[in-house]
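The values are calculated or read from the model by the stated rules, or taken from the named source; none is laboratory data. Note that the coordinates shown come from a computational prediction; the quantities given were computed from them, not determined experimentally. So basically every Cβ, Gly included, is an ideal-geometry build from the backbone, and we count neighbours across all protein chains shown.
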Amino acid sequence: MDYKYYLEKFRKSADRIDKKMLSEKHLEIHVGITLNAVVLKLYKTEWVNDKTDPINSKTRIFFAIWVNDETLKQKKVLYNIHALKLRGLKGYAIKSRAFADCFREDFIRFKQNWENVSVEFGPLTLIEGWEHFESAELENKIVKLANNFSSIAYLIDNTLKKFELTKIY
């Protein structure tokens, strides 16, 4: 895989995502290499414990779009929402399976907007899917998927609210 080429494509895509919208929705963006894949991640710092290293925090929620050698052979770009080690997310009392079930219940009404999406995973992968692409269309697919996620990111916030610890004064 030509990492340099795909990193450039992903960075160009990231540059095309509306910065005002990202700011209004408090979404951060990261482009890099993870597990032999070129990836774009969208996340909120409120969804991680380690604010100094949100990309590698053990406890975090994020949306990812990626390609690797296997996906390129299949002419696919993959995407998912991961929810990692949520039992440890500060300020919440979360059981991972219950969180996943609540999120998916709300997500179902948006499912038709996501190509080849599935919610049939364990609690660490809230959704996962893929879109077919030709290299010339990769940037457009990435921007489309990122914008699609930004329109449902509030579902994560709404689900988290259901698990907030109440403060007693």
Given the conditions (1) at pLDDT 95 or above; (2) of a type in the set (V, I, T); (3) closer than 22 Å to T159 by Cβ, and given that T59 satisfies all but one, which numbered condition is not satisfied? (1)
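Please work out if L126 is over 16 Å from S96 (Cα atoms) and either outside any strand (DSSP E or B) or not small (G, A, S) (or both).
no
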Residues of segment 52-74 being assigned to a loop (DSSP other than H, G, I, E, B) and over 17 Å from the mean Cα position of the chain (by Cα), in sequence order, are T52, Q74
The one condition K73 fails out of (1) more than 17 Å from I156 (Cα to Cα); (2) surrounded by 14 or more Cβ atoms within 10 Å (Cβ to Cβ) is (2)
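On the given criteria, is I55 free of Cβ contacts under 8 Å to residues at least 60 places away in the same chain, in contact with a helix residue (DSSP H, G or I) (Cβ under 7 Å, 6 or more places away or on another chain), surrounded by fewer than 16 Cβ atoms within 10 Å (Cβ to Cβ) and among the hydrophobic types (A, V, I, L, M, F, W, C)?
no
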Members of segment 88-117 found to be surrounded by 12 or more Cβ atoms within 10 Å (Cβ to Cβ), part of a helix (DSSP H, G or I) and not aromatic (F, W, Y), listed by number: G88, S96, A98, A100, D101, C102, R104, E105, D106, K111
Of those in segment 122-158 that are within 30 Å of A93 (Cα to Cα) and more than 15 Å from the chain's Cα centre (by Cα), the residue surrounded by the fewest Cβ atoms within 10 Å (Cβ to Cβ) is G122
Quick one: N80 ticks every box in (1) of a type in the set (S, T, N, Q); (2) touching a strand residue (DSSP E or B) at 6+ places or on another chain (Cβ under 7 Å); (3) assigned to a loop (DSSP other than H, G, I, E, B) bar one, so which box is it? (3)
For segment 38-46, indicate whether the set of residues that are assigned to a helix (DSSP H, G or I), closer than 27 Å to L155 by Cα and either out of contact with any Ser or Thr (no Cβ under 6 Å at 6 or more places or on another chain) or at pLDDT below 95 (or both) is non-empty. yes
Going through T34, T52, T59, T71 one at a time, which residue ends up being in contact with a Lys or Arg (Cβ under 6 Å, 6 or more places away or on another chain), of a type in the set (S, T, Y) and more than 17 Å from A146 (Cα to Cα)? T59
